[in-house]
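The values are calculated or read from the model by the stated rules, or taken from the named source; none is laboratory data. Since the structure is predicted, the reported quantities are computational estimates derived from the model, not experimental observations. When we count neighbours, we look across all protein chains shown, and the Cβ atoms used for this are built from the backbone with ideal geometry, even at glycine.
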Amino acid sequence: MKLQTKLTLFNAISKLVIVVLFVLLLPTLIRNINQNYNDNRLHKQEEKAIVLIQKQGIGAFMENGEPYSSYTLLKDEYISIDTTDGSIGKLDTITQQKRKVEGDTINYRILNRTFKIGKTNYMLEIGKSVSTIGDTDVALQSIALQVLLGMICLTILADLFYSNYILRPLDRIIQTKLIGNKFPNFGSYKKVRTTTSDFQYLDKSIHEMIRTIESAFQKEREFISNASHELMTPISILQSKIENMFQREEITDDVKVRLLEMQKILNRLKSITKTLLLISQIENAQFLKEDTVTIKNLIDDVYNEISIRLEDKGITFKTNIENDTSLPEVNEFLLFNMFFNLINNAIKYNKEGGEIVVKSFIDDNRLIVQIIDTGIGIAAEQIPFIFNRFKKFRQSMEQESFGLGLPIVKSIADFHGIDINVSSALNVGTTFTLRFPGVPL
Amino acid sequence: MNVLIIEDEKSLAKELEIFLANCNYLCEICYNGKTASEKIAVNLYDFILIDLGLPDYEGLDLLKEAKKNNPEAACIILTARAEVYDRIKGLDLGADDYLPKPFSMLELQSRMQAIVRRKFGLKHTIVNLGDFVIDLNDRTISHQDKEVSTITKKEFDLIAYLIMNKNRTLTRPQLSEHIWGSVVNDDYDSNYIDVHIKNIRKKLSVHSAPDWLETVRGLGYKIKLN
C-alpha cells in the first residue's frame, strides 16, 4: 500500500473512532451539562425563595400552618414549603426522584432544604422536571454524527492533497534518480527540490551510493578496455609467428597440424578479446549513432553472412516483416552484430532441420522484432542469467562458443534503448522479442 | 617494392619483415617514430605501415609527414586502438587502409595487393584457372566466356583470397577470419568454410572440374597457380 494511502487511512480511522466515541458519549455529556445547569437554577431559585420568605415572612406562604405548594401549569416545576420535625437535621441536597402528579409519573430533580424560623423547622422543596432531557439524545446524536462525518470527509480530502504534495519529492527522487536513469550512466547530480529534510537526506544518500557504484563500474570498464588492448599486441605477434612458421619449407605436415591447432586456439583468444573490447566500447558509448537502416536490409545482410550455417544444419529461415520502416540514429555495425548473434544463436541451439522466423511489426507505437526458433530452448530458471558474460547454460549441439554472444546483444540493445524479452520452452524453442524505442519515422 | 615498417613491438616488426620478404617486398624497419620520421623524409617507399601506438611519436603525425614527403606511398595504419574515431581520422588524413590488431598477415598482404591494383590502374586482374577465367576487379568467374552466376559473394571472396595468396595453404581459421572477420560473434568454429568450398566445387563442377582448388588434408585449402 502506498505511504500516502496508509497515512490517509490511518488519519481517517483514528478520526472516525474519536467521532464514534464522542457521539456515544454525547447523551451522558448532555445529561451532565443539563444537570449542572438545573442544579444551578435550583440553587438560584432556592436563594430567591429564602429571600422572599425572609422578606414577606413565612406566614405569607403558610397560612395556619398549611403546607404551601405551587406547580407551574405544565407541572415541570413546583415549589413547596412544609413544616418538619427536627429529626432530619440540617439538610441542603439535590436528588433525583419520581413523583406522581395527577396520574403522571414525572422525573424531578428536587432540591431539599431545611430552615428554621423561630422554633419551627421548615422544609423547602423545589422540583424541576427532567423528563424531557433524554428526548433530544437521538436527534442530537444523529446531527453530531452527520456534521462530524462531513468534517472527516473534508479533512481526508485535505490530507490527501497535502500528503500528495509533501510526498511528491519522493516520487521525483525515484523517477529521476533510480528509474529514469540508465544504469549505471547517471550523469551529473541534480538536486530534487524539497524542503523536507528527510527527502534531502534520501536524495543525497542515493546520489552518494550511485557515485560509488558508478566509479566501480567505470573502473571495471577501464580495466576490461585496457586489458583487451594490452592483449592485442601479444596476440598479434603470436599470430604472425604462426603464419610465418606455416611458410617454412622444413616444417612437416605433422607440425603444421599442430600449428593449426594453435591457430584455432589463438583465434578463440582473439575472438574473446575482441568481443570484450567491443562490449567495453559500447558501454563507454564510443560508437556513433548516425546511421539509418531498415530491418529488412539488416536481416538480409545477416542472412547473407549466415546462410551457410543455415544450410549446414538444414534450417528453414523465414521472414515476416510487416512494417519495414527505417530506423534513424542507430549504429548499423552494432545492430548488424546484434541480429547476427541472435540469429546465430537461433541456429546454434536449433535442431537439425528446424526453423527460424524473424517477425517485425508495430505494437503500441513501438517497432517489435521477434526471432523465433524451434530449438532446444532455455530452462525457465536460467533465463535471468543468459545475458551474463561467460555463462554457458545451453549445451550446443556441435559447435563451441564462449558465452559472449548474448552479452554483446544486450550491450548493443541497451546502447540503442531496445528492450529485450526472452520466452522459451524446453525442446520447443525460444523467442527473443526486441522492442525498439518510440515510433520509427 | 619498398616497404617501411614502423612498429615499436620488435618481434612483430620482425615477423612482418619475414613475411613480406617472403612475398618479395624489400623491407626496412623502424622501432620508433623519430627514425621513422627521418627515413620518411629521406627515402621513397611504395608502402608505409604505421603503428599508431608509438611511444615517442604521434602516429597520425607520421601519417601526415608521410603524405607530404612520400605522396606516392600507400599508407596502411596498424593499431591496437580500434576506436572508431581513430579509424575515421586515419582515413581522413589519407591512409589507404586500416588494419586493427591483431590482424592476419595474409590479410595485410591481400590488402596491399588490392592497393597496388588500384594505384597502378590494373583495371582487370584476370586469372586463368583451368577452364575458368576469374576477374578480380569485376568479381566474376566465367567458363568459356559465360559467367558462372551461381557463385555467391562470399564464395567469390573465398576464391579471391585464395588466389591472392596463391600456392599457399590457407587454414580454415585464416579463411574464416577473412570472410567473417568483421562480425563479432561468439563462436570460433570454422567448419563452415568446408560447406562453402563444397558448394563452390559443386557449382563449378557443372561446367568443369575445378582441380586447381586443392584440399590440403588436415590443414586447409590452396589454389595452385603459376
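From (1) touching a Lys or Arg at 6+ places or on another chain (Cβ under 6 Å); (2) without any contact (Cβ under 8 Å) to a residue 12 or more places away in the chain; (3) away from chain B (no Cβ under 14 Å), pick out the condition that doesn't hold for A:Ile152.
(2)
Taking region A:226-257, which residues are surrounded by 13 or more Cβ atoms within 10 Å (Cβ to Cβ), more than 10 Å from every other protein chain (Cβ to nearest Cβ) and assigned to a helix (DSSP H, G or I)?
A:Ala227, A:Val255
Out of the residues in region A:306-332 meeting the condition of being charged (D, E, K, R), at pLDDT below 90 and under 20 Å from A:Ser360 (Cα atoms), tell me which one is nearest to the chain's Cα centre (by Cα).
So the residue we want is A:Glu329.
When you go through A:Asp312, A:Asp301, A:Asp364 one by one, which is the residue that is more than 13 Å from every other protein chain (Cβ to nearest Cβ) and of a type in the set (Asp, Glu)?
On inspection, the qualifying residue turns out to be A:Asp364.
For (1) among the β-branched types (Val, Ile, Thr); (2) more than 30 Å from A:Lys177 (Cβ to Cβ); (3) touching a residue at least 24 places away in the same chain (Cβ under 8 Å), each residue gets a yes or a no:
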residue: A:Ser228; (1), (2), (3): no, yes, yes
residue: A:Gln239; (1), (2), (3): no, yes, yes
residue: A:Met245; (1), (2), (3): no, yes, no
residue: A:Asp254; (1), (2), (3): no, yes, no
residue: A:Val257; (1), (2), (3): yes, yes, no
residue: A:Arg268; (1), (2), (3): no, yes, yes
residue: A:Leu277; (1), (2), (3): no, yes, yes
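Yes/no matrix, rows are residues, columns are (1) farther than 22 Å from A:Gln263 by Cβ; (2) in contact with a strand residue (DSSP E or B) (Cβ under 9 Å, 6 or more places away or on another chain):
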residue: B:Leu12; (1), (2): no, yes
residue: B:Ile48; (1), (2): yes, yes
residue: B:Lys64; (1), (2): yes, no
residue: B:Leu78; (1), (2): no, yes
residue: B:Pro102; (1), (2): no, no
residue: B:Leu108; (1), (2): no, yes
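Is it true that some residue in region A:302-313 is in contact (Cβ under 8 Å) with a residue 60 or more places away in the chain and either touching a His at 6+ places or on another chain (Cβ under 8 Å) or in a helix (DSSP H, G or I) (or both)?
No, because not a single residue in region A:302-313 is in contact (Cβ under 8 Å) with a residue 60 or more places away in the chain and either touching a His at 6+ places or on another chain (Cβ under 8 Å) or in a helix (DSSP H, G or I) (or both).
Quick test of your reading of the structure: A:Ala139 fulfils all but one of (1) in contact with an Asp or Glu (Cβ under 9 Å, 6 or more places away or on another chain); (2) loosely packed, with under 11 Cβ neighbours inside 10 Å. Name the failing condition by number.
Among (1) in contact with an Asp or Glu (Cβ under 9 Å, 6 or more places away or on another chain); (2) loosely packed, with under 11 Cβ neighbours inside 10 Å, the lone unmet condition for A:Ala139 is (1).
Here is a list: B:Ser190, B:Ser176. Which entry is crowded, with 16+ Cβ neighbours inside 10 Å, in contact with a Pro (Cβ under 7 Å, 6 or more places away or on another chain) and modelled with pLDDT under 90?
None of the other options fit; the residue is B:Ser190.
I need the full set of residues from region A:93-127 which are β-branched (Val, Ile, Thr), touching a helix residue (DSSP H, G or I) at 6+ places or on another chain (Cβ under 6 Å) and either exposed (fewer than 13 other Cβ atoms within 10 Å of the Cβ) or closer than 16 Å to A:Asn40 by Cβ (or both), in order please.
Across region A:93-127, the qualifying residues are A:Ile94, A:Ile126.
Does region B:23-34 contain at least one residue that is among the acidic types (Asp, Glu), over 18 Å from A:His229 (Cα atoms) and away from every other protein chain (no Cβ under 13 Å)?
There is at least one residue in region B:23-34 that is among the acidic types (Asp, Glu), over 18 Å from A:His229 (Cα atoms) and away from every other protein chain (no Cβ under 13 Å).
Looking only at region A:143-176, how many residues end up being under 21 Å from A:Asp203 (Cβ atoms) and either acidic (Asp, Glu) or in contact with a Gly (Cβ under 8 Å, 6 or more places away or on another chain) (or both)?
1
Taking the stated definitions as given, is A:Ser69 surrounded by 11 or more Cβ atoms within 10 Å (Cβ to Cβ) and either touching a residue at least 24 places away in the same chain (Cβ under 8 Å) or among the hydroxyl-bearing types (Ser, Thr, Tyr) (or both)?
Against the criterion (surrounded by 11 or more Cβ atoms within 10 Å (Cβ to Cβ) and either touching a residue at least 24 places away in the same chain (Cβ under 8 Å) or among the hydroxyl-bearing types (Ser, Thr, Tyr) (or both)), A:Ser69 qualifies.
Quick one: what pairs do we get from region A:83-105, first residue more than 23 Å from A:Asp39 (Cβ to Cβ), second assigned to a strand (DSSP E or B), C-beta under 6 Å, 6+ apart or different chains?
Matching pairs, first to second residue: A:Thr83/A:Thr120; A:Thr83/A:Tyr122; A:Gly86/A:Asn121.
Filtering region B:123-158 down to residues that are of a type outside the set (D, E, K, R) and surrounded by fewer than 13 Cβ atoms within 10 Å (Cβ to Cβ), which residue is farthest from the other protein chains (Cβ to nearest Cβ)?
B:Gln144
Would you mind stating whether B:Asp211 is surrounded by fewer than 20 Cβ atoms within 10 Å (Cβ to Cβ), away from chain A (no Cβ under 14 Å) and at positive phi?
No.
So, of the residues in region A:396-429 that are within 13 Å of another protein chain (Cβ to nearest Cβ) and touching a strand residue (DSSP E or B) at 6+ places or on another chain (Cβ under 6 Å), which turns out to be modelled with the highest pLDDT?
A:Ser401
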